[in-house]
Amino acid sequence: MARSVEFNECEIIEKAMNVFWEKGYHATSMQDLVDAMQINRSSLYNTIGDKHCLFMKCVTSYTENAMKETREKVAREESALDGLIKIIRDKAAWVVDSEKGCLGIKTIFEIATEDEQVRNLLCKNNQVYLEFMTDVIQKAIDAGELDGEEEASLLAEYILTAFTGWKQSFILNGDPIKIKKMSEYLIKTITHK
């Protein structure tokens, strides 16, 4: 009689995600994963699938959790503009404080160009984040907190692109003060204050 497989999928996804985050997709072996998740290889294959399936689950979990956290933070703010400023300042703090960087950005540069399934997942997740940011910006425009000089979607794309640039700058220069200054400059630029 086969033994039933019992483990918390969320916990093993988290453990696997940390391995992929640290080593990258290509450098991570199945042995690295089963060691980190503390499950046997057959349990992994029978419940989740191969390395690629596991990686897709990890990236999905990462992006969904990041989006949920962002939505919750914005919802706690008094206005759309306060929410937008919170997103910008939090992203600047994250760029400086995150030792591992962004799993999404790492994945884009490592395998999205060669793996259509990964690229499509990341495009979909980017679109969700972009639509959310556009909605927050449009609410701020409608409330008179931001001027409507530019389309909300263009401003959202501009802000998201700035986030990626900050991470690059921090990796190259390691200057947290510069990142804080850039985030405050971005806020000043979009609010005209």
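The values are calculated or read from the model by the stated rules, or taken from the named source; none is laboratory data. These numbers were taken from a predicted model, which means no experiment stands behind them. Quick reminder, even Gly has a Cβ in these numbers, built from the backbone with ideal geometry, and neighbours come from all protein chains shown. What goes into the accessible areas is simple: the full protein's heavy atoms, side chains included, and nothing from ligands, DNA or RNA. Shrake-Rupley method; radii C 1.70, N 1.55, O 1.52, S 1.80 Å.
The requirement of being modelled with pLDDT under 90 and open to solvent by 20 Å² or more (accessible area, probe 1.4 Å) is fulfilled somewhere in the stretch 25-39, by at least one residue.
What's the total number of residues in the stretch 40-84 that are farther than 18 Å from ASP115 by Cβ and either open to solvent by less than 30 Å² (accessible area, probe 1.4 Å) or outside any helix (DSSP H, G or I) (or both)? Spell out how you get there, then give the answer.
Taking the stretch 40-84 as the starting set, the residues that turn out to be farther than 18 Å from ASP115 by Cβ are 40-47, 64-84.
Right, trim to either open to solvent by less than 30 Å² (accessible area, probe 1.4 Å) or outside any helix (DSSP H, G or I) (or both) and you get 40, 43-44, 67, 70, 74, 76-81, 83-84.
Total satisfying the criteria: 14.
Summed over the stretch 133-177, the residues that are surrounded by 13 or more Cβ atoms within 10 Å (Cβ to Cβ) and among the polar types (S, T, N, Q) give a count of 5.
Can you name the residue in the stretch 46-102 that is hydroxyl-bearing (Ser, Thr, Tyr) and within 30 Å of GLY144 (Cα to Cα) and is also farthest from the chain's Cα centre (by Cα) among such residues?
Taking the stretch 46-102 first, the residues hydroxyl-bearing (Ser, Thr, Tyr) are 47, 60-63, 70, 79, 98.
Next cut, within 30 Å of GLY144 (Cα to Cα) only: 70, 79.
Numbers: THR70: 10, SER79: 23 Å.
Ranking the candidates gives SER79 first.
Sort out which residues of the stretch 97-109 are open to solvent by 40 Å² or more (accessible area, probe 1.4 Å), closer than 15 Å to GLN168 by Cβ and either out of contact with any Leu (no Cβ under 9 Å at 6 or more places or on another chain) or not in a helix (DSSP H, G or I) (or both), and write them in order of number.
Here is the first cut: in the stretch 97-109, the residues open to solvent by 40 Å² or more (accessible area, probe 1.4 Å) are 97, 99-100, 105-106, 108-109.
Next, only the ones that are closer than 15 Å to GLN168 by Cβ stay: 105-106, 108-109.
Those that are open to solvent by 40 Å² or more (accessible area, probe 1.4 Å), closer than 15 Å to GLN168 by Cβ and either out of contact with any Leu (no Cβ under 9 Å at 6 or more places or on another chain) or not in a helix (DSSP H, G or I) (or both): ILE105, LYS106, PHE109.
Return a yes/no flag: does the stretch 135-142 have any residue that is assigned to a helix (DSSP H, G or I), under 18 Å from the mean Cα position of the chain (by Cα) and touching a residue at least 60 places away in the same chain (Cβ under 8 Å). Taking every residue of the stretch 135-142 in turn, at least one turns out to be assigned to a helix (DSSP H, G or I), under 18 Å from the mean Cα position of the chain (by Cα) and touching a residue at least 60 places away in the same chain (Cβ under 8 Å).
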